[in-house]
Amino acid sequence: MVSDFIRVTHPYRFILVLWLSANTLQETHAFLPVLVRTKTVLWNHNLAAVAGGAIPTPGNDALENPFDSNSPNSINESGDNVKMDRAATSSSSQQTPVETSVDAAIMGRYACTRFRRNEAAIAPTTTQGNDSSISTIDTTATVSDPQVVKEAMHCLEMARRAPSGFNAQPYKFILVHSKEKKEALSKYCLGRNANRILDSECTLVCLADKQVGKTLSYYANTILGQNKKSSSTFSKWMVRKTQGLILLFSSGWPIPQFLGIPISFGIRLGVAMVSVLTGRRILVPSLSSAETWSTKNTMLVAMSYMLGCSSRGLATCPMEGYNAGGIRKALGIPRRYAIPLIISTGHDYHIAAAKTNDEPDDVGMSHGSQGRGATTRYPSHEVVFANSFGEAMQSSM
């Protein structure tokens, strides 16, 4: 693999590589529409339930088509069954069914602070002093519902259609759903994150590949090879150039990390110096570390997964409070992979006394709940600008 790249780094070719400011998100598949595949997501998701809190059980064959005019829960053209401010998202009162469903999935997503265990025969008992939120914690993992795990896996397969730099797909995923592995994983999660893993149906462990260069031969045969069979023609030079660009942008050198890290730093520093010394007359890309590049590609899949789960009535909770070394040990993960995020998935725990499922987390923060609105965001004018930093959007419209 290193010898392959040496051939790419012929002096003249290397200059060409540096000048190529490639679009790191060139894999422009239909991103959001994938989350709402016709007859898979749209028809299996009751939008009225997303807004009202009554979530149908995944896999229920009796679910209605929300776009059937004969259905009592049908969605009209203005999306009346979706409780959100249409004026904030569209200047027109009419929206297509796809737009309505995407809006509902986004507005219906929230970080579930507590999951409902699958063991229906075990009724939770409340502790003394607080009968509205905290219940006795079970230290063993619940037995996962196979149907929910199947739904989560379907959402993950859809999410993998998210774009990645050069379609390199620098990530792996582990869907933890067995009782034994959930208990092993929970031991290395902090605070109530451990309880969320024990109580949820499954947890998605996201892995970012810090040495994507090790997969370049497989990438050329699998990804570029498929393109060659369709309509594109990839010459040997084009394959080498693409592999070289992946190495340049990803910093994922196929060598031991104690060598790869300083080499990556040196190349990034050199490229940055070219930009500074030439006053940016020579345009070169801004490069990231291997972990940063792989993580930002991985997070596109993670967000798509959560929206897919939301569209199918599943609650999710993204978490970062864990010990990565312990998780590697529990799940047998090589050190080559960073662990930027884990996402518990299942059904939310409804607190009967409080008539809500919005239970504060370890620090007392609320994360929103199904059917009760989203958590607060900063005002749009403080976050979203037009044309240049600080310019108000309204003044430019």
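The values are calculated or read from the model by the stated rules, or taken from the named source; none is laboratory data. Remember, predicted model here, so these are calculated numbers, not experimental data. Here Cβ is always computed from backbone atoms with ideal geometry, including for glycine, and neighbour counts include all displayed protein chains. In case anyone asks, the SASA skips ligands and DNA or RNA and just uses the protein heavy atoms, side chains included. Shrake-Rupley method; radii C 1.70, N 1.55, O 1.52, S 1.80 Å.
Data overview
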item	result
Residue under evaluation L156, criteria (1) modelled with pLDDT of 95 or more; (2) over 26 Å from R312 (Cβ atoms); (3) of a type outside the set (D, E), criterion not met	(2)
So S164, is it crowded, with 18+ Cβ neighbours inside 10 Å, under 30 Å from G313 (Cβ atoms) and touching a Pro at 6+ places or on another chain (Cβ under 8 Å)	yes
Test: I223 is modelled with pLDDT under 90, of a type outside the set (K, R), surrounded by 13 or more Cβ atoms within 10 Å (Cβ to Cβ) and in contact with a helix residue (DSSP H, G or I) (Cβ under 7 Å, 6 or more places away or on another chain)	yes
Residues (surrounded by fewer than 24 Cβ atoms within 10 Å (Cβ to Cβ) and over 22 Å from the mean Cα position of the chain (by Cα)) located in the range 182-214	E183, A184, K187, G191, K214
Per-region count, the range 285-344, residues more than 23 Å from A104 (Cα to Cα), part of a helix (DSSP H, G or I) and open to solvent by 10 Å² or more (accessible area, probe 1.4 Å)	11
Residue in the range 232-251 that is open to solvent by 30 Å² or more (accessible area, probe 1.4 Å) and closer than 25 Å to K172 by Cα present	yes
